[in-house]
Amino acid sequence: MPLPDITLLLTTYQKPWHLRRALRSIAMQQGVRERMELVVTDDGSTDETPQIVEAFRREVNFPVHFTTHPHGEFHPARCRNEGVTATSGEYLLLLDGDCVLPPDHVAAHLAQRKPGVAMLGDCCRLEQDVTQQVSEAPIEPQEFVVWNSGKERRRLTRADRHARLYTFLRHPKKPKLVSNNVGIWRSDFLRVNGFDENYRGWGCEDDDLGQRLKKSGVRLESILRWTNSFHLWHPRDPSAPRSWREGPNVPYFLRRGRLTRCRNGVVKRGIDDLAVRIIGRTAAVDPLIQRLSVNVTSSSQPEIEILFSGGDDNFSRQAECRILVEAQENTATPALARVADVVISDSAFPQVARQFRLSQFDEALAAIG
(Lines give C-alpha, C1' and ligand atoms only; values in the text may rest on other atoms or scores of the structure.)
Protein backbone atom coordinates (compact mmCIF):
# COMPACT_ATOMS: atom_id res chain seq x y z
CA MET A 1 0.00 0.00 0.00
CA PRO A 2 1.24 3.57 -0.68
CA LEU A 3 2.55 5.55 2.25
CA PRO A 4 -0.03 7.92 3.78
CA ASP A 5 0.37 11.62 3.05
CA ILE A 6 -0.18 12.60 6.67
CA THR A 7 0.15 10.99 10.08
CA LEU A 8 -2.06 12.26 12.90
CA LEU A 9 -0.45 11.89 16.33
CA LEU A 10 -3.09 12.12 19.06
CA THR A 11 -1.59 12.25 22.57
CA THR A 12 -3.72 11.16 25.52
CA TYR A 13 -3.65 10.06 29.15
CA GLN A 14 -6.57 8.96 31.33
CA LYS A 15 -9.26 10.98 29.51
CA PRO A 16 -11.54 8.42 27.83
CA TRP A 17 -14.53 10.80 27.63
CA HIS A 18 -12.46 13.34 25.72
CA LEU A 19 -10.69 10.70 23.63
CA ARG A 20 -13.95 9.27 22.28
CA ARG A 21 -15.01 12.69 21.02
CA ALA A 22 -11.60 13.49 19.57
CA LEU A 23 -11.62 10.19 17.67
CA ARG A 24 -15.15 10.83 16.38
CA SER A 25 -14.03 14.19 14.98
CA ILE A 26 -11.10 12.49 13.23
CA ALA A 27 -13.48 9.97 11.65
CA MET A 28 -15.47 12.93 10.26
CA GLN A 29 -12.55 14.43 8.32
CA GLN A 30 -13.63 15.17 4.77
CA GLY A 31 -11.83 14.12 1.61
CA VAL A 32 -8.63 12.89 3.28
CA ARG A 33 -9.33 9.55 4.94
CA GLU A 34 -7.63 7.63 2.13
CA ARG A 35 -4.55 9.85 2.58
CA MET A 36 -4.08 9.67 6.36
CA GLU A 37 -3.17 7.39 9.24
CA LEU A 38 -3.66 7.88 12.97
CA VAL A 39 -1.55 6.89 15.96
CA VAL A 40 -2.87 7.39 19.47
CA THR A 41 0.23 8.07 21.57
CA ASP A 42 -0.71 7.13 25.12
CA ASP A 43 1.23 8.12 28.24
CA GLY A 44 0.49 4.91 30.14
CA SER A 45 -3.28 5.06 30.75
CA THR A 46 -4.63 2.32 33.01
CA ASP A 47 -8.31 2.88 32.12
CA GLU A 48 -10.23 1.77 29.01
CA THR A 49 -8.11 3.86 26.60
CA PRO A 50 -6.62 0.83 24.74
CA GLN A 51 -10.07 -0.70 24.25
CA ILE A 52 -11.47 2.60 22.95
CA VAL A 53 -8.71 2.85 20.36
CA GLU A 54 -9.09 -0.79 19.30
CA ALA A 55 -12.85 -0.40 18.83
CA PHE A 56 -12.26 2.75 16.79
CA ARG A 57 -9.66 0.96 14.63
CA ARG A 58 -12.24 -1.66 13.65
CA GLU A 59 -14.78 1.01 12.69
CA VAL A 60 -12.73 3.14 10.27
CA ASN A 61 -11.13 2.50 6.90
CA PHE A 62 -7.74 4.15 7.53
CA PRO A 63 -4.78 2.80 9.53
CA VAL A 64 -4.94 3.28 13.30
CA HIS A 65 -1.98 2.55 15.57
CA PHE A 66 -1.52 2.66 19.33
CA THR A 67 1.65 3.26 21.36
CA THR A 68 2.01 3.32 25.12
CA HIS A 69 4.50 2.86 27.94
CA PRO A 70 4.34 2.57 31.74
CA HIS A 71 3.33 5.90 33.25
CA GLY A 72 5.92 7.45 35.52
CA GLU A 73 5.11 11.11 35.16
CA PHE A 74 3.68 13.37 32.45
CA HIS A 75 5.89 12.69 29.41
CA PRO A 76 4.40 13.99 26.12
CA ALA A 77 7.84 14.20 24.47
CA ARG A 78 8.27 10.45 24.72
CA CYS A 79 4.68 9.84 23.57
CA ARG A 80 5.11 11.80 20.36
CA ASN A 81 8.52 10.38 19.55
CA GLU A 82 7.14 6.86 19.95
CA GLY A 83 4.23 7.75 17.68
CA VAL A 84 6.53 9.01 14.94
CA THR A 85 8.65 5.87 15.15
CA ALA A 86 5.57 3.64 14.81
CA THR A 87 4.22 5.34 11.68
CA SER A 88 5.25 6.27 8.15
CA GLY A 89 3.48 9.39 6.85
CA GLU A 90 5.70 12.03 5.26
CA TYR A 91 3.85 14.85 7.05
CA LEU A 92 2.98 14.90 10.77
CA LEU A 93 0.05 16.56 12.52
CA LEU A 94 0.47 16.85 16.30
CA LEU A 95 -2.83 16.79 18.18
CA ASP A 96 -4.06 16.51 21.77
CA GLY A 97 -6.57 13.91 22.85
CA ASP A 98 -8.76 16.48 24.62
CA CYS A 99 -9.47 18.45 21.42
CA VAL A 100 -11.97 17.92 18.62
CA LEU A 101 -11.35 18.90 15.00
CA PRO A 102 -13.62 20.64 12.50
CA PRO A 103 -14.27 18.41 9.45
CA ASP A 104 -11.87 20.31 7.16
CA HIS A 105 -9.01 20.43 9.67
CA VAL A 106 -6.72 17.80 8.16
CA ALA A 107 -7.48 18.99 4.62
CA ALA A 108 -6.47 22.53 5.62
CA HIS A 109 -3.12 21.32 6.95
CA LEU A 110 -2.48 19.31 3.80
CA ALA A 111 -3.36 22.29 1.59
CA GLN A 112 -1.07 24.69 3.49
CA ARG A 113 2.01 22.49 3.91
CA LYS A 114 5.17 23.87 2.33
CA PRO A 115 8.75 22.59 2.15
CA GLY A 116 10.89 23.69 5.08
CA VAL A 117 7.91 25.17 6.98
CA ALA A 118 6.14 24.03 10.15
CA MET A 119 2.55 25.26 10.46
CA LEU A 120 1.65 26.24 14.03
CA GLY A 121 -1.85 26.41 15.41
CA ASP A 122 -3.82 26.62 18.63
CA CYS A 123 -7.22 25.65 19.98
CA CYS A 124 -10.43 27.44 20.81
CA ARG A 125 -10.99 26.79 24.53
CA LEU A 126 -14.56 25.68 25.20
CA GLU A 127 -16.27 26.48 28.49
CA GLN A 128 -17.55 23.69 30.72
CA ASP A 129 -21.22 24.12 29.75
CA VAL A 130 -20.42 23.98 26.02
CA THR A 131 -18.14 20.97 26.50
CA GLN A 132 -20.90 19.03 28.23
CA GLN A 133 -23.08 19.41 25.13
CA VAL A 134 -20.51 17.70 22.87
CA SER A 135 -21.68 14.15 22.30
CA GLU A 136 -20.11 11.22 20.46
CA ALA A 137 -22.58 11.69 17.63
CA PRO A 138 -21.37 13.33 14.40
CA ILE A 139 -20.93 17.07 14.86
CA GLU A 140 -22.54 19.35 12.29
CA PRO A 141 -20.21 22.01 10.80
CA GLN A 142 -22.41 24.86 12.01
CA GLU A 143 -21.88 23.74 15.60
CA PHE A 144 -18.20 24.64 15.39
CA VAL A 145 -19.16 28.17 14.32
CA VAL A 146 -21.37 28.56 17.38
CA TRP A 147 -18.60 27.29 19.66
CA ASN A 148 -16.24 30.04 18.46
CA SER A 149 -17.10 32.58 21.14
CA GLY A 150 -16.24 36.20 20.47
CA LYS A 151 -13.55 36.25 23.14
CA GLU A 152 -11.80 33.17 21.83
CA ARG A 153 -12.18 34.24 18.21
CA ARG A 154 -10.46 37.54 19.00
CA ARG A 155 -7.69 35.76 20.92
CA LEU A 156 -6.96 33.43 18.02
CA THR A 157 -7.05 36.33 15.55
CA ARG A 158 -4.48 38.19 17.65
CA ALA A 159 -2.35 35.07 17.94
CA ASP A 160 -2.38 34.64 14.16
CA ARG A 161 -1.51 38.29 13.57
CA HIS A 162 1.37 38.19 16.06
CA ALA A 163 2.70 34.93 14.62
CA ARG A 164 2.74 36.37 11.10
CA LEU A 165 4.60 39.44 12.34
CA TYR A 166 7.20 37.36 14.18
CA THR A 167 7.72 35.20 11.10
CA PHE A 168 8.11 38.28 8.88
CA LEU A 169 10.63 39.81 11.30
CA ARG A 170 12.50 36.50 11.63
CA HIS A 171 12.24 36.71 15.40
CA PRO A 172 14.81 34.31 16.93
CA LYS A 173 12.39 32.75 19.47
CA LYS A 174 8.87 33.41 18.19
CA PRO A 175 6.24 32.46 17.16
CA LYS A 176 5.87 30.02 20.01
CA LEU A 177 5.27 26.39 19.12
CA VAL A 178 2.44 24.81 21.12
CA SER A 179 2.48 21.10 20.36
CA ASN A 180 -1.26 20.83 19.73
CA ASN A 181 -2.35 21.48 16.15
CA VAL A 182 1.13 21.58 14.56
CA GLY A 183 1.88 20.39 11.03
CA ILE A 184 5.50 19.47 10.32
CA TRP A 185 7.39 17.41 7.75
CA ARG A 186 8.75 14.14 9.11
CA SER A 187 12.15 14.96 7.61
CA ASP A 188 12.28 18.28 9.50
CA PHE A 189 11.15 16.61 12.73
CA LEU A 190 13.86 13.96 12.42
CA ARG A 191 16.48 16.55 11.44
CA VAL A 192 16.38 17.85 15.02
CA ASN A 193 15.87 14.31 16.42
CA GLY A 194 12.29 15.04 17.47
CA PHE A 195 11.28 16.02 20.98
CA ASP A 196 13.91 16.06 23.73
CA GLU A 197 12.79 13.37 26.19
CA ASN A 198 14.81 14.97 28.98
CA TYR A 199 11.70 17.12 29.42
CA ARG A 200 9.55 15.23 31.93
CA GLY A 201 6.58 16.73 33.69
CA TRP A 202 4.83 19.89 32.55
CA GLY A 203 6.09 22.34 30.00
CA CYS A 204 8.92 23.51 27.75
CA GLU A 205 9.27 20.46 25.48
CA ASP A 206 7.36 22.28 22.73
CA ASP A 207 9.23 25.58 23.30
CA ASP A 208 12.46 23.61 22.93
CA LEU A 209 11.34 21.89 19.74
CA GLY A 210 10.33 25.23 18.19
CA GLN A 211 13.68 26.85 18.93
CA ARG A 212 15.66 23.89 17.60
CA LEU A 213 13.56 23.80 14.43
CA LYS A 214 14.26 27.49 13.83
CA LYS A 215 17.95 26.94 14.45
CA SER A 216 17.95 24.13 11.88
CA GLY A 217 16.45 26.46 9.26
CA VAL A 218 12.77 25.45 9.47
CA ARG A 219 10.41 28.40 9.14
CA LEU A 220 7.50 28.62 11.61
CA GLU A 221 4.20 29.97 10.25
CA SER A 222 0.62 30.17 11.51
CA ILE A 223 -2.21 27.89 10.36
CA LEU A 224 -4.85 29.87 12.29
CA ARG A 225 -6.21 31.71 9.25
CA TRP A 226 -7.44 28.37 7.96
CA THR A 227 -8.27 26.19 10.95
CA ASN A 228 -8.09 25.62 14.69
CA SER A 229 -9.00 22.76 16.99
CA PHE A 230 -11.47 22.98 19.89
CA HIS A 231 -10.32 22.17 23.41
CA LEU A 232 -12.84 20.31 25.56
CA TRP A 233 -12.95 21.65 29.11
CA HIS A 234 -11.60 19.55 31.96
CA PRO A 235 -10.36 20.38 35.49
CA ARG A 236 -6.83 21.66 35.70
CA ASP A 237 -4.37 18.90 36.51
CA PRO A 238 -3.05 19.46 40.06
CA SER A 239 0.52 18.78 38.89
CA ALA A 240 0.40 21.59 36.31
CA PRO A 241 2.34 24.72 37.38
CA ARG A 242 0.43 27.97 37.86
CA SER A 243 2.68 29.76 35.36
CA TRP A 244 5.28 28.83 32.74
CA ARG A 245 8.12 30.19 34.90
CA GLU A 246 7.20 27.85 37.74
CA GLY A 247 7.44 24.74 35.56
CA PRO A 248 9.93 22.03 36.55
CA ASN A 249 11.61 22.05 33.14
CA VAL A 250 12.37 25.78 32.96
CA PRO A 251 15.96 25.60 34.30
CA TYR A 252 16.83 22.91 31.76
CA PHE A 253 15.18 24.87 28.96
CA LEU A 254 17.07 28.06 29.84
CA ARG A 255 20.46 26.35 29.95
CA ARG A 256 23.15 27.45 27.53
CA GLY A 257 24.68 25.19 24.93
CA ARG A 258 21.49 23.58 23.56
CA LEU A 259 22.19 21.21 20.67
CA THR A 260 19.98 21.52 17.59
CA ARG A 261 19.88 17.74 17.28
CA CYS A 262 19.04 16.73 20.82
CA ARG A 263 20.65 13.70 22.40
CA ASN A 264 17.62 12.05 24.04
CA GLY A 265 15.20 12.20 21.14
CA VAL A 266 13.89 9.73 18.56
CA VAL A 267 17.48 8.43 18.39
CA LYS A 268 19.42 8.09 21.64
CA ARG A 269 22.81 9.67 20.97
CA GLY A 270 25.81 8.72 23.06
CA ILE A 271 28.87 10.87 23.67
CA ASP A 272 30.63 9.14 20.79
CA ASP A 273 27.84 10.30 18.43
CA LEU A 274 28.64 13.99 18.99
CA ALA A 275 30.92 15.93 16.67
CA VAL A 276 33.55 17.50 18.96
CA ARG A 277 36.43 19.86 18.20
CA ILE A 278 39.33 20.07 20.66
CA ILE A 279 41.13 23.41 21.09
CA GLY A 280 44.40 23.73 22.96
CA ARG A 281 45.10 20.01 22.82
CA THR A 282 48.37 18.92 24.36
CA ALA A 283 50.03 15.66 25.27
CA ALA A 284 48.86 16.19 28.83
CA VAL A 285 45.17 16.09 27.90
CA ASP A 286 45.38 13.29 25.30
CA PRO A 287 44.73 10.51 27.85
CA LEU A 288 41.59 12.30 29.02
CA ILE A 289 40.27 12.68 25.48
CA GLN A 290 40.98 9.02 24.74
CA ARG A 291 39.17 7.94 27.90
CA LEU A 292 36.07 9.90 26.91
CA SER A 293 35.94 8.30 23.44
CA VAL A 294 34.63 11.51 21.89
CA ASN A 295 34.28 11.83 18.13
CA VAL A 296 36.96 14.44 17.41
CA THR A 297 36.17 16.26 14.16
CA SER A 298 37.90 18.77 11.91
CA SER A 299 34.56 20.07 10.60
CA SER A 300 34.12 23.85 10.43
CA GLN A 301 30.81 23.50 12.33
CA PRO A 302 31.17 20.99 15.18
CA GLU A 303 28.38 20.52 17.69
CA ILE A 304 30.71 20.98 20.66
CA GLU A 305 34.02 22.78 21.16
CA ILE A 306 36.20 21.88 24.14
CA LEU A 307 38.89 24.43 24.96
CA PHE A 308 41.68 23.63 27.39
CA SER A 309 42.96 26.81 29.02
CA GLY A 310 46.62 27.69 29.24
CA GLY A 311 47.42 29.14 25.82
CA ASP A 312 46.30 31.92 23.53
CA ASP A 313 43.51 29.86 21.93
CA ASN A 314 39.90 30.99 21.83
CA PHE A 315 36.54 29.51 20.87
CA SER A 316 35.70 29.79 17.18
CA ARG A 317 32.02 30.44 18.05
CA GLN A 318 30.97 28.02 15.31
CA ALA A 319 29.92 25.31 17.75
CA GLU A 320 26.52 25.04 19.43
CA CYS A 321 28.02 24.25 22.84
CA ARG A 322 31.33 25.61 24.16
CA ILE A 323 33.04 23.85 27.08
CA LEU A 324 35.96 25.50 28.87
CA VAL A 325 38.28 23.23 30.85
CA GLU A 326 40.45 25.08 33.33
CA ALA A 327 43.53 23.05 34.16
CA GLN A 328 44.58 23.38 37.78
CA GLU A 329 47.88 25.00 36.84
CA ASN A 330 46.21 27.49 34.48
CA THR A 331 43.54 30.11 34.93
CA ALA A 332 41.44 31.30 32.02
CA THR A 333 40.53 34.94 31.62
CA PRO A 334 37.08 36.07 32.82
CA ALA A 335 36.21 37.00 29.22
CA LEU A 336 36.87 33.44 28.04
CA ALA A 337 34.80 32.02 30.88
CA ARG A 338 31.91 34.32 29.96
CA VAL A 339 31.91 33.03 26.37
CA ALA A 340 31.79 29.40 27.51
CA ASP A 341 28.46 27.65 27.96
CA VAL A 342 29.98 25.20 30.45
CA VAL A 343 33.00 25.81 32.70
CA ILE A 344 34.73 22.84 34.27
CA SER A 345 36.72 24.19 37.17
CA ASP A 346 37.16 23.69 40.89
CA SER A 347 37.79 27.30 41.74
CA ALA A 348 37.90 29.94 39.03
CA PHE A 349 35.08 32.28 38.02
CA PRO A 350 32.00 30.63 39.54
CA GLN A 351 30.13 33.91 39.10
CA VAL A 352 30.30 33.70 35.28
CA ALA A 353 29.80 29.97 34.80
CA ARG A 354 26.26 30.42 33.52
CA GLN A 355 25.26 26.78 33.54
CA PHE A 356 27.07 24.85 36.24
CA ARG A 357 30.53 23.97 37.53
CA LEU A 358 31.64 20.39 37.27
CA SER A 359 34.80 18.58 38.21
CA GLN A 360 34.17 15.58 35.98
CA PHE A 361 34.49 15.94 32.23
CA ASP A 362 32.12 13.13 31.30
CA GLU A 363 29.42 14.54 33.60
CA ALA A 364 29.51 17.78 31.61
CA LEU A 365 29.13 15.97 28.29
CA ALA A 366 26.35 13.77 29.66
CA ALA A 367 24.40 16.87 30.76
CA ILE A 368 24.34 18.39 27.29
CA GLY A 369 20.92 17.97 25.71
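The values are calculated or read from the model by the stated rules, or taken from the named source; none is laboratory data. Please read these numbers as outputs of a predicted model, since none were measured by experiment. Positions of Cβ are generated from backbone atoms using ideal geometry, with glycine treated the same way; all protein chains shown enter the neighbour counts. Note: accessible area is taken over every heavy atom of the protein model, side chains too, but ligands, DNA and RNA are not part of it. Shrake-Rupley method; radii C 1.70, N 1.55, O 1.52, S 1.80 Å.
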Any idea how many residues of the stretch 187-221 are touching a strand residue (DSSP E or B) at 6+ places or on another chain (Cβ under 7 Å), in a helix (DSSP H, G or I) and either open to solvent by 30 Å² or more (accessible area, probe 1.4 Å) or farther than 22 Å from residue 273 by Cα (or both)? 2
For the stretch 309-324, which positions are modelled with pLDDT under 80 and either touching an Asp or Glu at 6+ places or on another chain (Cβ under 8 Å) or crowded, with 22+ Cβ neighbours inside 10 Å (or both)? 309, 310
What pairs come up if the first residue lies in the stretch 82-97 and is aromatic (Phe, Trp, Tyr), the second is surrounded by fewer than 21 Cβ atoms within 10 Å (Cβ to Cβ) and not in a loop (DSSP other than H, G, I, E, B), and their beta carbons are under 6 Å apart, counting only those six or more places apart or on different chains? 91/185
Against the condition modelled with pLDDT of 70 or more and charged (D, E, K, R), how does residue 362 come out, does it pass? no
Residue that is most open to solvent (accessible area, probe 1.4 Å) [pool: residues in the stretch 222-236 that are touching a residue at least 24 places away in the same chain (Cβ under 8 Å) and either over 19 Å from residue 29 (Cβ atoms) or charged (D, E, K, R) (or both)]: 225
Elements of type helices (runs of 4 or more DSSP H) contained in the stretch 53-138, each with 3 or more residues being more than 18 Å from residue 266 (Cα to Cα): 105-112, 128-131
Looking at the stretch 15-28, which of its residues are assigned to a loop (DSSP other than H, G, I, E, B) and either modelled with pLDDT of 95 or more or in contact with a Leu (Cβ under 6 Å, 6 or more places away or on another chain) (or both)? 15
Just the residues that are open to solvent by less than 60 Å² (accessible area, probe 1.4 Å) and part of a helix (DSSP H, G or I), please, taken from the stretch 238-277. 250, 252, 253, 271
From 80, 33, 57, residue being under 15 Å from residue 9 (Cα atoms), at pLDDT below 95 and among the basic types (Lys, Arg): 33
Total residues in the stretch 64-93, condition closer than 19 Å to residue 209 by Cβ and β-branched (Val, Ile, Thr): 4
Just one of 186, 161, 191 is touching a Ser or Thr at 6+ places or on another chain (Cβ under 6 Å) and modelled with pLDDT of 95 or more; which is it? 191
If a residue has to be touching a helix residue (DSSP H, G or I) at 6+ places or on another chain (Cβ under 7 Å) and not aliphatic (A, V, I, L, M) to count, how many in the stretch 117-137 make the cut? 4
Does residue 289 satisfy the condition of being assigned to a helix (DSSP H, G or I) and aliphatic (A, V, I, L, M)? yes
Pairs, first over 22 Å from residue 17 (Cβ atoms) in the stretch 50-74, second surrounded by fewer than 12 Cβ atoms within 10 Å (Cβ to Cβ) and not hydrophobic (A, V, I, L, M, F, W, C), C-beta under 9 Å, six or more apart: 61/34; 62/34; 73/239
Looking at residue 167 and the list (1) assigned to a loop (DSSP other than H, G, I, E, B); (2) open to solvent by less than 40 Å² (accessible area, probe 1.4 Å); (3) β-branched (Val, Ile, Thr), which single condition is not satisfied? (1)
In the stretch 203-221, which residue that is in contact (Cβ under 8 Å) with a residue 40 or more places away in the chain and in contact with a Gly (Cβ under 9 Å, 6 or more places away or on another chain) is farthest from residue 159 (Cα to Cα)? 217
Whether any residue in the stretch 141-162 is within 22 Å of the chain's Cα centre (by Cα) and open to solvent by 40 Å² or more (accessible area, probe 1.4 Å) is what I want to check. yes
